[in-house]
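Novice: Please see the structure below; I have some questions.
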Amino acid sequence: MERSLTVLLPVENSQATLAKNVRRLLEVLPDLTDSFEVVVIDDGSTDATLEVADELSTQYPQIRVVRSATPRGRTRAIQLGVRESRGEFLLLIDEDANLPIDEIGRLWAAAEQHDVVLGRLPSAAAYDPNRFRRLDGPSHGGYQILRRRAVGAIWDSLGHQLTLRAELARTGGKWFEIEIGSHRAGSCNRGPSPASRPQRPNYLQAIRDFTFGE
């Protein structure tokens, strides 16, 4: 059976960037699995973020929208998204992380053998203007792919790379770690290095781009 993937995107007041970010995810995810969804969690936005998300969900059946009427913070927003998600694997992106989106395939390959895969951004990549950013701010984290069965043990640490790593170390949990962009990998588990990322097709050029003012 093909593995299923949920991408969790907690956002707040992201009307200007959300459509572009989702579209870039849609360029990559079909290469990984046909069974994927993107769950946008609107954490009490006061701008037009919810309207942008709803419009995306009408155009793309893989997009689902969950809303918290008031801001609850990143971890609780992600927990809400997890409850509403369907995928066997969950992809989480740190709120302050640049997103080298082409690298998702490397984490996905590693997740075939590991329940917790952490993608860490090297400091030199944090300010690379060519990398796509989901939210403003310097990078101190990365992103994670978690198998659903592993989520319960790290429930209160979801969404923040440093906190999650510290909790895993404290509890003796195991994880596989990849430095994104450098093609280096390390793990407290022994196992083969993840495969190189798949090639991306260029079939979404004709997709209508949305432009929203602040």
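The values are calculated or read from the model by the stated rules, or taken from the named source; none is laboratory data. Every value quoted in this text rests on a predicted model; they were computed, and no experiment measured them. Because the Cβ atoms are built from the backbone with ideal geometry, glycine has one as well, and the counts that use them run over all protein chains shown.
Novice: Taking the conditions exactly as written (more than 23 Å from L146 (Cβ to Cβ), among the acidic types (D, E) and over 15 Å from the mean Cα position of the chain (by Cα)), does D47 satisfy them or not?
Specialist: Working: more than 23 Å from L146 (Cβ to Cβ): yes; among the acidic types (D, E): yes; over 15 Å from the mean Cα position of the chain (by Cα): yes.
In short, yes.
Novice: For the condition touching a residue at least 24 places away in the same chain (Cβ under 8 Å), of a type in the set (A, V, I, L, M, F, W, C), over 18 Å from I178 (Cα atoms) and part of a strand (DSSP E or B), what is the one hit in V22, V117, V38, V52?
Specialist: On the way: V22 fails: part of a strand (DSSP E or B); V117 fails: over 18 Å from I178 (Cα atoms); V52 fails: part of a strand (DSSP E or B).
Just one listed residue meets the conditions, V38.
Novice: Given the criteria outside any loop (DSSP other than H, G, I, E, B), out of contact with any helix residue (DSSP H, G or I) (no Cβ under 6 Å at 6 or more places or on another chain) and either acidic (D, E) or at pLDDT below 95 (or both), does T75 qualify?
Specialist: Values: outside any loop (DSSP other than H, G, I, E, B): yes; out of contact with any helix residue (DSSP H, G or I) (no Cβ under 6 Å at 6 or more places or on another chain): yes; either acidic (D, E) or at pLDDT below 95 (or both): yes.
Spelling it out, T75 is indeed outside any loop (DSSP other than H, G, I, E, B), out of contact with any helix residue (DSSP H, G or I) (no Cβ under 6 Å at 6 or more places or on another chain) and either acidic (D, E) or at pLDDT below 95 (or both).
Novice: Tell me which residues, restricted to the stretch 16-47, are of a type in the set (S, T, N, Q), buried (at least 20 other Cβ atoms within 10 Å of the Cβ) and modelled with pLDDT under 95. Step through it out loud before you land on a result.
Specialist: Residues of the stretch 16-47 of a type in the set (S, T, N, Q): 17, 21, 33, 35, 45-46.
Okay, now just the ones that are also buried (at least 20 other Cβ atoms within 10 Å of the Cβ), so 21, 45.
Across the stretch 16-47, the qualifying residue is only N21.
Novice: Regarding the stretch 85-107, can at least one residue be identified that is part of a helix (DSSP H, G or I), surrounded by fewer than 19 Cβ atoms within 10 Å (Cβ to Cβ), in contact with a Lys or Arg (Cβ under 9 Å, 6 or more places away or on another chain) and at pLDDT 95 or above?
Specialist: Within the stretch 85-107, not a single residue is part of a helix (DSSP H, G or I), surrounded by fewer than 19 Cβ atoms within 10 Å (Cβ to Cβ), in contact with a Lys or Arg (Cβ under 9 Å, 6 or more places away or on another chain) and at pLDDT 95 or above.
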